[in-house]
Amino acid sequence: MRNPASPRGAASDNLPAMNQTYVDSYYSRTLADDRRRPALNGEVSADICIIGGGMAGLATALGLAERGITNVVVLESRQVGYGASGRNGGFVSPGYSRSPAALIDTVGVEKAKSLYGLTVEAMEVIRRRIAQYAMPCGPLVPGKLNISWFDRPKELKRNIAFMNETFGTALEFWPRAKIRELYLSKRYYDAVYNPNSFHFHSLNFTRGTAAAAESLGVRIFEDTEATGLDLKGDVKRITTPQGVVTANQVVFCASGYMGWLLPRLRLSILPIGTYVMLTEPLGDRLKTAIRGNHAVADNRFAPDYYRALPDTSILWGGRISAVTQPKNLDALMMGDLLKVYPQLAGVKPAVSWPGTMGYTTHKMPLIAQMQPGVWVNTGFGGHGMCSTTAGGETVAKAIAEGDQTYRLFEAFGLTMAGGPVGPLVAQGVYWYWQLRDRLKR
């Protein structure tokens, strides 16, 4: 679906939906399978119709199919994984964009532990599916580091103790001496290491999830924008440019590229642009800066995140914008990299790309039954590669088994994300975060 609020100039995002290909990126350049799926032409019926072919929609579809509900149709307006699901940093770790401490503040310790536990379970589901369906998204490189830009080791240790004691994590404190042996930057101090996280090829995983769902009977239509809805009655009707889907239940999983098909849901989603760059391969020069192979992010309010790839190139992400896309994106992203690793001056970018995430004001996904037979499973911006699987499993269990786990998300419902002025507010918040980072340092 078109996203009228996406940052201007965001690659091909503002072109008509039909027949769009993936944005030029590391992921699209290294696809394991580039098969294009047909558009819907005619009328089909299904038990479940899922709108949105990103990870949330595909995880829901596969979760239903694994539970025996295979008469499922997925409508994707472009290609599966076209949006954030196929453009991100490729980090997979438990949790949500909302911090665990903030979860406790809202719902209490026990519900917070249950919510966090859904993402821990999802990590195992992801690993199991990659192996079971032979998804070509490896290598799965273990470990994620959250490196501090600030000389505050006691604060990190307190946070580690809190997470390990409250949520049963296995986080480790890595002192700055160890960090600076692996990541040769004067910007860095100590770090938190999560051994249960990993990084991988996110677009190949998303496409692998689609293929796995299809192998169980799910039908996926690309280049098929949902343009009209009739959600009254027991049978729902979804119209597209060249067809119609009738279904007993509908699940809305579109996010940052959502149109105005369901205005109340659209008003709860704030489209936020973010950016990623791939460098040229560095060869032996990589070791002058990066000697570790973990996923890395820093702990600023507005962080960078990156990882070294097997061919010695660097995948570097960061920045957000809610109004316009930055100009000279290659130079801007390379400038961010050189602030951390000035010894890499002269390295050239291979490609840079934008993407749009769907955020909620409470930084939690929207997982709910809006009315009988109408579900939402969206809003995973900023922390989605694991939590989308958790959301898909939650909704699939609710539909297939009558499971009530989805009610854990009731405290995080549809909230106004600012409407037309929302992007302006978000941009102001980001600038405020950048100022706080400078003051804190």
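What fraction of the DSSP beta bridges in the chain is antiparallel, stated in percent and rounded to the nearest 5? Before the final figure, lay out the partial values.
On the way: 48 of 72 bridges.
DSSP beta bridges in the chain are roughly 65 percent antiparallel.
Which helices count as membrane-span-like in the chain under these terms: full DSSP H, at least 15 Å along the axis by C-alpha, Kyte-Doolittle mean of -1.0 or more?
Numbers: long enough: 55-66 (16 Å, 1.29); 109-132 (34 Å, -0.08); 153-167 (21 Å, -0.73); 202-215 (20 Å, -0.08); 329-340 (17 Å, 1.14); 384-401 (24 Å, 0.29); 422-440 (27 Å, -0.45).
The qualifying helices are 55-66, 109-132, 153-167, 202-215, 329-340, 384-401, 422-440.
Could you give the length gained on full extension between Arg128 and Arg180, defined as 0.36 nm per residue of separation minus the Cα-Cα distance, in nm? Intermediate values should be presented prior to the final figure.
Details: separation 52, 0.36 × 52 = 18.72 nm, distance 3.44 nm.
Once the chain is fully extended between Arg128 and Arg180, it gains 15.3 nm.
Would you mind pulling out the separation of the Cα centroids of the range 282-355 and the range 65-124, in Å?
If we compute the Cα centre of each part, the gap is 26 Å.
Mind ranking 37-50, 209-222, 79-92 by how tightly packed they are, going by the mean number of other C-beta atoms within 10 angstrom, highest first?
Working: 37-50: 18.0, 209-222: 21.3, 79-92: 26.1.
Descending packing order for the listed peptides: 79-92, 209-222, 37-50.
Kindly identify the range 131-190 as rounded, prolate or oblate by the Cα gyration tensor criterion: order the square roots of the eigenvalues as a ≥ b ≥ c, call it rounded if a/c is under 1.5, otherwise compare a/b with b/c, prolate if a/b is larger, else oblate.
Working: a/c = 3.66, a/b = 1.43, b/c = 2.56.
The shape class here is oblate.
Within the range 92-123, list the residues whose amide N lies under 16 Å from a label point set 7 Å along Cα→Cβ of Arg152.
99-102
Starting from the Cα-Cα distance between Ala101 and Asp311, subtract it from 0.36 nm times their residue separation and give me the gain in nm to one decimal. Mind showing how you got there, number by number?
On the way: separation 210, 0.36 × 210 = 75.60 nm, distance 3.81 nm.
Contour length minus the Cα-Cα distance gives 71.8 nm.
Summing -39500 (n - 2.57) over the DSSP H runs of n ≥ 4 in the chain and dividing by its residue number, what mean residue ellipticity at 222 nm do you reach, to the nearest 500 deg cm²/dmol? Walk me through the numbers before you get to the answer.
Values: 11 runs with 137 residues, N = 441.
Taken over the chain, the calculation gives -9500 deg cm²/dmol.
For the chain, modelled as a GNM with alpha-carbon contacts under 10 angstrom, which of Phe167, Phe252, Phe205 fluctuates the most?
Phe167
Using only the Cα atoms of the range 95-195, build the gyration tensor, take square roots of its eigenvalues as a ≥ b ≥ c, and label the shape rounded, prolate or oblate: rounded if a/c is under 1.5, else prolate if a/b is larger than b/c, else oblate.
In terms of gyration-tensor shape, oblate.
Need one number: nm distance between label points at Ala170 and Gln371, each 7 Å from Cα along Cα→Cβ, rounded to one decimal.
If labels sit at Ala170 and Gln371, their model points lie 4.8 nm apart.
Could you tell me which of Pro372, Met333, Ala46 has its Cα farthest along the dipole of the chain towards the positive end, charges placed at Cβ (Lys, Arg +1; Asp, Glu -1), taken about the Cα centre?
Of the candidates, Met333 comes out farthest on the positive side.
How much length is gained if the chain between Thr288 and Val235 is pulled fully straight, taking 0.36 nm per residue apart and subtracting their Cα-Cα distance, in nm to one decimal? Working shown, then result.
Numbers: separation 53, 0.36 × 53 = 19.08 nm, distance 6.15 nm.
Working it through step by step, the gained length comes to 12.9 nm.
Let a ≥ b ≥ c be the square roots of the eigenvalues of the Cα gyration tensor of the range 28-103; is it rounded (a/c under 1.5), or, if not, prolate (a/b larger than b/c) or oblate? Walk me through the numbers on the way to the answer.
Working: a/c = 2.34, a/b = 1.36, b/c = 1.72.
Since a/c reaches 1.5 but b/c is at least a/b, the shape of the range 28-103 is classed as oblate.
In nanometres, what is the gap between the two model label sites at Thr30 and Val109, each 7 Å from Cα along Cα-to-Cβ?
The two pseudo-label positions are separated by 4.3 nm.
Measuring from label point to label point, each 7 Å out along Cα→Cβ, what is the Glu401 to Asn71 span in nm?
Distance between the two pseudo-spin positions: 2.3 nm.
A short reminder: the numbers here are calculations on the coordinates, not readings from a lab. Bear in mind the structure is a predicted one, so any value in this text is a computation, not a measurement. FYI the Cβ positions are ideal-geometry reconstructions off the backbone, even for glycines, and counts take in every protein chain you see.
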